[in-house]
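Asker: Pasting a structure here, questions to come.
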Amino acid sequence: MLDFDFLEPASVGEASRMLADLGDECRVIAGGTALMLGMRQRMLTPSHLVSLGRLGTLRGMALDERGGLRIGALTLHAEVAASPVVRERWPMLASMASRVANPQVRNQGTVGGNLCYADPSTDPPGCLMALNAQVVLASQRGERILSMADFLVDYYTTALEPDELLSEIRVPAMPADACGQYARFLRTAAEHRPLVSVAFVARRQGAVCTEARIAVGASTPIPLRLSRAEAYLAGKTVTTDVAAEAAAIVASDIEPVSDARGDADFRRDMVRVVARRNIAGLFGLPQA
Ligand SMILES: Cc1cc2nc3c(=O)[nH]c(=O)nc-3n(C[C@H](O)[C@H](O)[C@H](O)COP(=O)(O)OP(=O)(O)OC[C@H]3O[C@@H](n4cnc5c(N)ncnc54)[C@H](O)[C@@H]3O)c2cc1C
């Protein structure tokens, strides 16, 4: 293992000052599930680790005054999955969190760490994007709030400034007529990470979709909202044909990556299948 100094700031301001002073030589550590792998593989060689372990204000979840959800950056995936409030009001978020990785990672890895690592093969970013979530970035200079689309810049790249921490994720309340579903495809049952994912949120009156939000994740460098498919669905009675057409639009509007886990054509096909099943499933239609 590499030699490094382990720093334990007691406030966000102190952590931010450490990050500003130490620059590229240091990394933030939360649960360590991603960071320690990178260090063991010598992809990351920080001389200092700034632990968030003492920052109690970054832990836990709470409802805000508008009924939205505030998720502290240090909240574990397992805590999101098990929360009665999340399960009742944002069931797609709880369901997504319950499928991240495996029990060990869900009980050690944080939601904030997941977003800040910006690994494309992950679940929360796409799901949170479809839920219109925002992130709060904090530093000694103050706070700023970004949409998921503005926060996730590229492969393993976020909009975090060197002295900033992700402190909180904010998920707006779901309107009474809205529902959502998160779907992912794994190449093999033994694999933990999704090859593709599709998060779908719809406002509906009976079989009519009055508004749609669709985010594709895992198959592109960063998750994407699919505005053409969303516009196509808005105002339509959702039938199996409509779901299939919307899914075809989704698949044609993405530029999937090719890598050892799957080439772009395979990913595009799987996005189309997963999107069709997800849209049809949310409207109670057969998903074959
Ligand atoms: C075997 C395995 C399987 C996995 N499978 C999945 C999967 O199926 N789906 C999925 O979504 N994910 C999966 N993951 C990824 C997992 O979700 C992340 O590793 C985890 O959430 C990272 O959180 P952490 O607290 O451990 O982050 P850390 O490892 O501590 O940090 C990760 C990165 O984020 C930075 N960081 C952490 N917190 C903050 C913060 N608050 N502010 C600023 N920077 C910060 C760190 O500096 C580091 O660069 C898997 C990981 C493993 C090891």
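Asker: Being more than 21 Å from Leu44 (Cβ to Cβ), touching a Phe, Trp or Tyr at 6+ places or on another chain (Cβ under 9 Å), more than 11 Å from the ligand (Cβ to nearest atom) and not polar (S, T, N, Q) is the requirement here; does Ala190 meet it?
Answerer: Working: more than 21 Å from Leu44 (Cβ to Cβ): yes; touching a Phe, Trp or Tyr at 6+ places or on another chain (Cβ under 9 Å): no; more than 11 Å from the ligand (Cβ to nearest atom): yes; not polar (S, T, N, Q): yes.
When the stated conditions are applied, Ala190 does not pass them.
Asker: Is at least one residue of segment 148-161 of a type in the set (Phe, Trp, Tyr), farther than 21 Å from Leu195 by Cβ and assigned to a loop (DSSP other than H, G, I, E, B)? Give the steps one after another, and end with the answer.
Answerer: Step one: filter segment 148-161 for residues of a type in the set (Phe, Trp, Tyr), giving 151, 155-156.
So of that shortlist, the ones also farther than 21 Å from Leu195 by Cβ come out as 151.
Keeping just the survivors that are assigned to a loop (DSSP other than H, G, I, E, B) gives none.
Taking every residue of segment 148-161 in turn, none turns out to be of a type in the set (Phe, Trp, Tyr), farther than 21 Å from Leu195 by Cβ and assigned to a loop (DSSP other than H, G, I, E, B).
Asker: What residue, of Ala20, Ala62, is at negative phi, assigned to a helix (DSSP H, G or I) and open to solvent by less than 70 Å² (accessible area, probe 1.4 Å)?
Answerer: Details: Ala62 fails: assigned to a helix (DSSP H, G or I).
From the options Ala20, Ala62, the qualifying one is Ala20.
Asker: Sticking with this structure for a sec: Looking at Arg89, is it away from the ligand (no atom under 12 Å from the Cβ), crowded, with 17+ Cβ neighbours inside 10 Å and among the basic types (Lys, Arg)?
Answerer: Values: away from the ligand (no atom under 12 Å from the Cβ): yes; crowded, with 17+ Cβ neighbours inside 10 Å: yes; among the basic types (Lys, Arg): yes.
Yes.
Asker: What do you reckon, is Arg70 open to solvent by 50 Å² or more (accessible area, probe 1.4 Å) and in contact with an Asp or Glu (Cβ under 6 Å, 6 or more places away or on another chain)?
Answerer: Numbers: open to solvent by 50 Å² or more (accessible area, probe 1.4 Å): yes; in contact with an Asp or Glu (Cβ under 6 Å, 6 or more places away or on another chain): yes.
Yes, satisfied.
Asker: Only residues that are touching a helix residue (DSSP H, G or I) at 6+ places or on another chain (Cβ under 8 Å) and either among the charged types (D, E, K, R) or farther than 13 Å from Ala248 by Cα (or both): list them for segment 259-276, please.
Answerer: Gly262, Arg268, Asp269, Arg272, Arg276, listed by residue number.
Asker: Still on this structure: List, please: which pairs have Cβ atoms under 9 Å, are six or more places apart or on different chains, and start with a residue in segment 34-51 that is closer than 19 Å to Arg106 by Cα and near the ligand (Cβ under 7 Å from one of its atoms) and end with one that is polar (S, T, N, Q) and part of a helix (DSSP H, G or I)?
Answerer: Close Cβ pairs (under 9 Å, with a partner that is polar (S, T, N, Q) and part of a helix (DSSP H, G or I)) amount to Ala34/Asn114.
Asker: Going through segment 126-141 one residue at a time, which ones are surrounded by fewer than 18 Cβ atoms within 10 Å (Cβ to Cβ) and out of contact with any Lys or Arg (no Cβ under 8 Å at 6 or more places or on another chain)?
Answerer: Arg141
Asker: Please determine whether any residue of segment 104-118 is over 16 Å from Val135 (Cβ atoms), within 14 Å of the ligand (Cβ to nearest atom) and surrounded by fewer than 16 Cβ atoms within 10 Å (Cβ to Cβ).
Answerer: First, the residues of segment 104-118 that are over 16 Å from Val135 (Cβ atoms): 104-109.
Next, from what is left, pick out any that are within 14 Å of the ligand (Cβ to nearest atom): 104-109.
Those still in the list that are surrounded by fewer than 16 Cβ atoms within 10 Å (Cβ to Cβ) too: 104, 107.
Yes, because at least one residue in segment 104-118 is over 16 Å from Val135 (Cβ atoms), within 14 Å of the ligand (Cβ to nearest atom) and surrounded by fewer than 16 Cβ atoms within 10 Å (Cβ to Cβ).
Asker: Out of Ala101, Ala78, which single residue is touching a helix residue (DSSP H, G or I) at 6+ places or on another chain (Cβ under 6 Å) and either under 15 Å from Ser197 (Cβ atoms) or part of a helix (DSSP H, G or I) (or both)?
Answerer: On the way: Ala101 fails: touching a helix residue (DSSP H, G or I) at 6+ places or on another chain (Cβ under 6 Å).
The unique qualifying residue is Ala78.
Asker: When segment 149-190 is examined, which residues are found to be farther than 27 Å from Ala234 by Cα and free of Cβ contacts under 8 Å to residues at least 40 places away in the same chain?
Answerer: Passing the criteria: Tyr156, Thr157, Ala159, Glu161, Leu186, Thr188, Ala189, Ala190.
Asker: Specify the residue that is farthest from the ligand (Cβ to nearest atom); the eligible residues are those in segment 2-33 that are in contact with a strand residue (DSSP E or B) (Cβ under 7 Å, 6 or more places away or on another chain), in contact (Cβ under 8 Å) with a residue 40 or more places away in the chain and β-branched (Val, Ile, Thr). So that I can check it myself, show each step before the final result.
Answerer: In the first step, residues of segment 2-33 are kept if they are in contact with a strand residue (DSSP E or B) (Cβ under 7 Å, 6 or more places away or on another chain); the result is 4-9, 12, 15-16, 18-19, 22, 25-31.
Those left that are additionally in contact (Cβ under 8 Å) with a residue 40 or more places away in the chain: 4-9, 12, 15-16, 19, 28, 30-31.
Those still in the list that are β-branched (Val, Ile, Thr) too: 12, 28.
On the way: Val12: 9, Val28: 4 Å.
So, considering only residues that are in contact with a strand residue (DSSP E or B) (Cβ under 7 Å, 6 or more places away or on another chain), in contact (Cβ under 8 Å) with a residue 40 or more places away in the chain and β-branched (Val, Ile, Thr), the one farthest from the ligand (Cβ to nearest atom) is Val12.
Asker: For segment 274-288, what are the residues that are hydrophobic (A, V, I, L, M, F, W, C) and modelled with pLDDT of 95 or more? Talk me through it step by step, then tell me what you get.
Answerer: Start the filter on segment 274-288 by keeping residues that are hydrophobic (A, V, I, L, M, F, W, C), which leaves 274-275, 279-280, 282-283, 285, 288.
Across segment 274-288, the qualifying residues are Val274, Ala275, Ile279, Ala280, Leu282, Phe283, Leu285.
Asker: Here is a follow-up. Taking segment 142-151, which residues are of a type in the set (A, V, I, L, M, F, W, C) and either open to solvent by less than 10 Å² (accessible area, probe 1.4 Å) or away from the ligand (no atom under 15 Å from the Cβ) (or both)? Spell out the reasoning first.
Answerer: Keep residues of segment 142-151 that are of a type in the set (A, V, I, L, M, F, W, C), which gives 145-146, 148-149, 151.
Met148, Ala149, Phe151 - these are the residues of segment 142-151 that are of a type in the set (A, V, I, L, M, F, W, C) and either open to solvent by less than 10 Å² (accessible area, probe 1.4 Å) or away from the ligand (no atom under 15 Å from the Cβ) (or both).
Asker: Examine segment 228-238 for a residue that is touching a Phe, Trp or Tyr at 6+ places or on another chain (Cβ under 6 Å) and under 15 Å from Gly126 (Cβ atoms), and state whether such a residue exists.
Answerer: Residues of segment 228-238 touching a Phe, Trp or Tyr at 6+ places or on another chain (Cβ under 6 Å): 238.
Narrowing further to those that are under 15 Å from Gly126 (Cβ atoms): none.
No: segment 228-238 contains no residue that is touching a Phe, Trp or Tyr at 6+ places or on another chain (Cβ under 6 Å) and under 15 Å from Gly126 (Cβ atoms).
Asker: In the list Ser139, Ser98, Ser167, Ser121, which residue meets the criterion of being of a type outside the set (A, V, I, L, M, F, W, C) and in contact with a strand residue (DSSP E or B) (Cβ under 6 Å, 6 or more places away or on another chain)?
Answerer: Working: Ser139 fails: in contact with a strand residue (DSSP E or B) (Cβ under 6 Å, 6 or more places away or on another chain); Ser98 fails: in contact with a strand residue (DSSP E or B) (Cβ under 6 Å, 6 or more places away or on another chain); Ser121 fails: in contact with a strand residue (DSSP E or B) (Cβ under 6 Å, 6 or more places away or on another chain).
The conditions single out Ser167.
The values are calculated or read from the model by the stated rules, or taken from the named source; none is laboratory data. Please read all numbers here as calculations on a predicted model, not as lab measurements. Backbone-built Cβ (ideal geometry, glycine too); neighbour counts: all protein chains shown. Accessible surface areas use protein heavy atoms only, side chains included; no ligands, DNA or RNA. Shrake-Rupley method; radii C 1.70, N 1.55, O 1.52, S 1.80 Å.
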